[in-house]
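The values are calculated or read from the model by the stated rules, or taken from the named source; none is laboratory data. Keep in mind that this is a model prediction, so the values were computed, not measured. Cβ placement follows ideal geometry from the backbone for every residue including glycine, while neighbour counts extend to all protein chains displayed. Just the protein is used for accessible areas: all its heavy atoms, side chains included, with ligands, DNA and RNA removed. Shrake-Rupley method; radii C 1.70, N 1.55, O 1.52, S 1.80 Å.
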Amino acid sequence: MSSTVMTKVRTPVRPARILLHVFLAGAAPAWLAPLLWALYSAMRSYAETSEKGYVSWPDKLSFDNFTNAFTQSDMGHYFVNTVIIAVPAVLVTLFLSSMVAFYVSRFDFRLNLALLLVFTAGNLLPQQVVITPLYRLYLLIDLPGITMSGKLYDSALGLVLIHVAFQSGFCAFVLSNYMRSLPHELTEAALVDGASVWRQYWQIVLPLCRPAMAALATLLSIWIYNDFFWALVLISTGENMPITSALNNLTGAYFTDPNLVAAGALLTAIPTLIVYFVLQRQFVSGLTLGANKG
């Protein structure tokens with residue numbers, strides 16, 4: 001009776017992989033250190049840190065600064081303002097950019113690449129370069145009965161439009177590359193069966209792009225939620241500001257509590273973390289699917 005002994009061959013660990021793990025092990029604490037330090041400072045009172053300094057052992061840790069930051073900055077109101085801006089901006093951006101991506105990826109014509117470059121080129125312009133003409137344009141556009149201010153300036157609609165304009169190019173570029181990885185036989189078969197262009201887009205191609213759409217929705221939500229520049233320039237009324245401007249309410253003319261500001265900053269970061277963890281699986285799959293064309 002003979003027996004075959006199977007020996008498992010171990011793959012040698014490459015030096016590059018060891019260096020990668022060493023780098024990641026060192027980068028992780030360095031990346032988390034500012035966040036942990038902000039949390040540590042936010043849980044201490046200003047009186048204690050002003051007496052002992054920030055690099056000292058605490059006498060007491062509490063969540064009082066978080067409660068005070070939420071109430072003093074009226075963070076709930078500004079969070080609602082941000083939702084009113086971010087949700088329509090994300091949905092409209094994904095809808096418009098997916099239509100552009102479908103057109104340039106599924107139809108062959110002479111200006112195919114040029115059209116995609118026009119949409120993508122908008123992302124290459126620094127925001128500070130176009131802010132002056134945009135500011136004057138917003139002041140000239142009257143929207144009586146549509147916005148509370150009667151103008152495009154100082155309105156949530158104005159912020160939604162500017163986010164859609166600046167984010168559509170990047171989304172169209174990503175989605176067009178993703179759609180090119182989908183088999184053309186799908187739309188060709190639908191065309192033979194008499195499906196219109198809209199039906200090919202809405203019922204065939206768009207459902208297959210859910211991973212990429214989820215990844216882009218995660219990125220857009222975080223980018224628009226964290227925006228401060230456009231809101232600072234295009235909004236003048238304090239009540240219309242998004243949540244990033246709520247932190248400004250925690251600063252005084254002559255005195256600012258850094259511990260209170262740290263607590264407020266951590267509170268404003270919670271919604272973005274929730275969005276990422278909810279869409280984490282779709283986000284990762286959206287970054288990997290379609291990377292290789294088979």
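Identify, please: which residue in segment 106-120 is hydrophobic (A, V, I, L, M, F, W, C) and part of a loop (DSSP other than H, G, I, E, B) and is, among those, farthest from GLN167 (Cα to Cα)? Ranking the candidates gives PHE109 first.
The residue pairs whose first member lies in segment 66-91 and is farther than 16 Å from VAL261 by Cα and among the aromatic types (Phe, Trp, Tyr), whose second member is assigned to a helix (DSSP H, G or I) and at pLDDT below 95, and whose beta carbons are closer than 9 Å, counting only pairs six or more residues apart or on different chains, are PHE79/ILE243; PHE79/ALA246; PHE79/THR268; PHE79/PRO271.
For the criterion of being in contact with a helix residue (DSSP H, G or I) (Cβ under 8 Å, 6 or more places away or on another chain) and basic (Lys, Arg), ARG110 fails. One residue alone among SER105, SER73 is open to solvent by less than 20 Å² (accessible area, probe 1.4 Å), more than 30 Å from GLN203 (Cβ to Cβ), modelled with pLDDT under 90 and of a type outside the set (A, V, I, L, M), and that residue is SER73.
In summary, THR132 fulfils each of the numbered conditions (1) in a loop (DSSP other than H, G, I, E, B); (2) open to solvent by 60 Å² or more (accessible area, probe 1.4 Å) with the single exception of condition (1).
Residues that are buried (at least 19 other Cβ atoms within 10 Å of the Cβ), within 22 Å of LEU152 (Cβ to Cβ) and among the charged types (D, E, K, R) do not occur anywhere in segment 251-258.
Determine if segment 33-48 includes at least one residue that is open to solvent by less than 60 Å² (accessible area, probe 1.4 Å), within 30 Å of PHE170 (Cα to Cα) and under 22 Å from the mean Cα position of the chain (by Cα).
Residues of segment 33-48 open to solvent by less than 60 Å² (accessible area, probe 1.4 Å): 33, 38, 40-45, 48.
Filter again for within 30 Å of PHE170 (Cα to Cα), leaving none.
No, that holds for no residue.
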